[in-house]
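The values are calculated or read from the model by the stated rules, or taken from the named source; none is laboratory data. Values in this document were obtained by computation on a predicted structure and should not be read as measured data. Cβ: placed from backbone, ideal geometry, glycine included. Neighbour counts: every protein chain shown. Keep in mind that these areas ignore ligands, DNA and RNA; they rest on the heavy atoms of the full protein, side chains included. Shrake-Rupley method; radii C 1.70, N 1.55, O 1.52, S 1.80 Å.
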Amino acid sequence: QVQLVESGGGLVQAGGSLRLSCAASGRDFSSYDMGWSRQAPGKEREFVGAISRYGATYYSNSVKGRFTISRDNAKNTVYLQMNDLKPEDTAVYYCLAGSTLVPTRETSYNYWGQGTQVTVSS
């Protein structure tokens, strides 16, 4: 069992930056692929990106070049650095963990955090 706790959300102006953190419980963090998804009000959930257990990163086209995912296995933590934020990035952001065959497939992940709100004002 893995428990995920996101932090770092908040209100930021367009063009600003935020860094989300996701702290994971358990001893096998380095063996998990870690992902981020988001859901805006009235919209379908969107898979934002992932970092595999091997360190490979993947991003959706909507955030590529602006968001960066990294991990610190010693701290059992994964990060989502978000730069040049836009109002359309406003959403609840969820951290995901799992031993996946396809790290870019949201349904591959077994564990989800409770989410953290990111609001970008124009």
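One table, with the values for the structure above:
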| read-out | value |
| --- | --- |
| Accessible-area order (highest first, 1.4 angstrom probe) of the listed residues R53, R19 | R19, R53 |
| Debye intensity ratio in log₁₀ form over the Cα atoms of the chain, taken at each q of 0.12, 0.20 Å⁻¹ | -0.37, -1.05 |
| Neighbourhood charge, 11 Å Cβ-Cβ cut-off, centred on Y58 and excluding it, Lys, Arg +1 and Asp, Glu -1 | +1 |
| Residue-by-residue Karplus 3J(HN,Hα) for the range 25-41, coefficients 6.51, -1.76, 1.60, Hz, glycine and proline x | 8, x, 9, 10, 3, 5, 8, 9, 7, 10, x, 10, 10, 9, 9, 8, x |
| Under-5 Å amide H pairs with G16, H placed in peptide plane, nonlocal only | L85 |
| Sites V102 and A14, calculated FRET efficiency, Cβ-Cβ separation with R0 35 Å, nearest 0.05 | 0.60 |
| Chain lengthening between S31 and Q81 when straightened (0.36 nm per residue, less Cα-Cα) | 15.8 nm |
| Fraction of accessible area attributable to carbon and sulfur, the range 14-70 (%, probe 1.4 Å) | 45 |
| In Hz, Karplus ³J(HN,Hα) per residue of the range 84-101 (6.51, -1.76, 1.60; θ = phi - 60°; x = Gly, Pro) | 6, 5, 10, x, 6, 7, 4, 4, 8, 9, 10, 9, 10, 9, x, 9, 9, 8 |
| Selection of GluC sites (Glu not before Pro), the range 13-107, meeting DSSP coil and at most 16 other Cβ within 10 Å | E44 |
| E88-S60 pseudo-label distance in nm [points 7 Å out on the Cα-to-Cβ vector] | 1.1 |
| Å² per residue, accessible surface of the range 47-122 at 1.4 Å | 48 |
| Loop chymotrypsin sites (Phe, Trp or Tyr not before Pro), the range 34-81, which have at most 13 other Cβ atoms in a 10 Å radius of their Cβ (DSSP) | Y54 |
| Semi-axis lengths, Å, the range 80-121, gyration tensor of Cα atoms, sqrt of 5 times eigenvalues | 24, 12, 8 |
